[in-house]
Amino acid sequence: MHSAVHNTIAAVWRIESARIVAAVARRVRDLGVAEELAQDALVAALEHWPTSGVPQNPGAWLMTTAKNRALDHLRHRQMADARHGDIASDLEAMEAHVVPDFSDAIDQQRERATLGDDLLRLIFTACHPVLGTDARVALTLKLLGGLTTHEIARAFLVPEATIGQRIVRAKRTLADAQVPFEVPQGAQLIERLGSVLEVVYLVFNEGYTATSGGDWMRPELCNEALRLGRMLAELAPDQSEVHGLVALMEIQASRTAARTDREGRPVLLNDQNRARWDHLLIRRGLAALARAQALNQPLGSYRLQAQIAACHARAPTTEATDWQRIAALYAQLMQVAPSPVVELNRAVAVGMADGPATGLAIVDTLLQDKALQRYPWLCAVQGDLLDKLGRRDEARAAFLRAAALASNERERTLLQGRAQGPAAAG
């Protein structure tokens, strides 16, 4: 019985924790304290629900308990320092609204709007540029994904203590920098939005193709990134790049079932059974892309990548794919967000559209780029193009170089297989 209740609590917490932390943070104005108070509410649920039963509205129970903890915290602060005049006004407001009236439709609508604002503040705070990328990712997964420190550490294959220290330092950095718990306005919002989207996409990419370890994918990270992206699209519906990122992730996630065979070995895009793609996710992705395009805002990198993904999604076979358009979209992407990896992807598309020799010419230039010296897929693409040109010995050497650089075990095995013969593993 207790096990079932604990499972329920864990599921509710995963869904509600971000809203609770956000609501409390707006009141106490300290992210670290807000998380502690929200955790207090979780502990209270673990203590009471196994004996009293799961309440009818568990999310509201946790929210109210956390707000009461925040109220007690502010009272204590007020008693400790009479100079906090602003806290007195917070106390009055909280005492009036600490128990929301869920029976009143207007109150419910107001509560949802306030929670939406609070979540947006939390997202922008957790992804503040004052933090390093690793810290932003860890803090976002902890506060917005509802993941435990152990789950984050397991996903990224680093010690739990490292993640714990990373999160503690991140919260301390935000406090020391006196980062306000607010959504930036105007040009600052657009500037900071890039940091938020970057974190969400980093989480998704680590789930889509794991950097290291024995698993090709970590679907739970993809799911968390999708949840964050969808949440952000609801909170910032007038931003084209938000919808572009959601579209990109939905379409890429649609391939999950087809990306491995029965033994868990990777299957690359051109060799996938497209009947196994999730067409509901594809439809969702195309709808998100349509929303992004309808806003008539300047083309951004996520929207362009979503258009590329849409080209693949719409094609019934590899041969039917509009490779000329994909190559053109990658050329546009090089103008918007130039990088050696984008150029490598353009080489693949050009190789499919105009022949392997043309693609190989681009790769030969990239081989001189120091930024890609340790990137296994540069050698892998070189090997694939050489193989298509019948230059088998050179292709084998390229695939072996790629395998030596790969840190993911499944990826390494795939590339070693390519070195041995035709692309049976795909």
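The values are calculated or read from the model by the stated rules, or taken from the named source; none is laboratory data. The shown structure was predicted, so the numbers you read here are calculated from the model rather than taken from an experiment. Glycine also receives a Cβ, built like all others from the backbone with ideal geometry; neighbour counts cover every protein chain displayed.
Brief remarks on what is shown
- Meets criteria (outside any helix (DSSP H, G or I) and free of Cβ contacts under 8 Å to residues at least 24 places away in the same chain) for GLN178: yes
- Considering residues of segment 7-33 that are of a type in the set (Val, Ile, Thr) and within 25 Å of LEU232 (Cβ to Cβ) only, the residue surrounded by the most Cβ atoms within 10 Å (Cβ to Cβ): VAL24
- If the condition is being farther than 13 Å from ILE123 by Cα and either surrounded by fewer than 20 Cβ atoms within 10 Å (Cβ to Cβ) or more than 14 Å from the chain's Cα centre (by Cα) (or both), then segment 218-233 contributes PRO219, GLU220, ASN223.
- Only residues that are closer than 30 Å to ALA403 by Cα, aliphatic (A, V, I, L, M) and over 13 Å from the mean Cα position of the chain (by Cα) were counted in segment 236-267, giving 4.
- Summed over segment 10-56, the residues that are farther than 14 Å from PHE181 by Cα, part of a helix (DSSP H, G or I), at pLDDT 90 or above and among the aliphatic types (A, V, I, L, M) give a count of 9.
- When residues in segment 34-54 are screened for being aliphatic (A, V, I, L, M) and crowded, with 19+ Cβ neighbours inside 10 Å, 6 of them pass.
- One residue stands out among those in segment 379-421 that are among the basic types (Lys, Arg), closer than 16 Å to VAL267 by Cα and touching a Lys or Arg at 6+ places or on another chain (Cβ under 9 Å): the one that is modelled with the highest pLDDT, which is ARG418.
- Subset of segment 146-175 that is part of a loop (DSSP other than H, G, I, E, B) and of a type in the set (A, V, I, L, M, F, W, C) - its residue that is nearest to GLY300 (Cα to Cα): LEU147
- Residues that are part of a loop (DSSP other than H, G, I, E, B) and either buried (at least 16 other Cβ atoms within 10 Å of the Cβ) or touching a residue at least 12 places away in the same chain (Cβ under 8 Å) (or both) within segment 127-145 comprise CYS127, HIS128, PRO129, VAL130, LEU131, LEU144, GLY145, listed in sequence order.
Per-residue answers, yes or no, for (1) touching a residue at least 40 places away in the same chain (Cβ under 8 Å); (2) surrounded by 17 or more Cβ atoms within 10 Å (Cβ to Cβ):
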site	(1), (2)
ASP354	no, no
ASP364	no, no
LYS370	no, no
ALA406	no, yes
LEU414	yes, yes
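- Within segment 249-282, tally of residues that are among the hydrophobic types (A, V, I, L, M, F, W, C), within 19 Å of VAL348 (Cα to Cα) and part of a helix (DSSP H, G or I): 1
- The conditions of being charged (D, E, K, R), part of a loop (DSSP other than H, G, I, E, B), free of Cβ contacts under 8 Å to residues at least 24 places away in the same chain and within 24 Å of CYS222 (Cα to Cα) are not met by GLU319.
- Some residue of segment 226-242 being assigned to a loop (DSSP other than H, G, I, E, B), in contact with a Gly (Cβ under 8 Å, 6 or more places away or on another chain) and at pLDDT below 90: no
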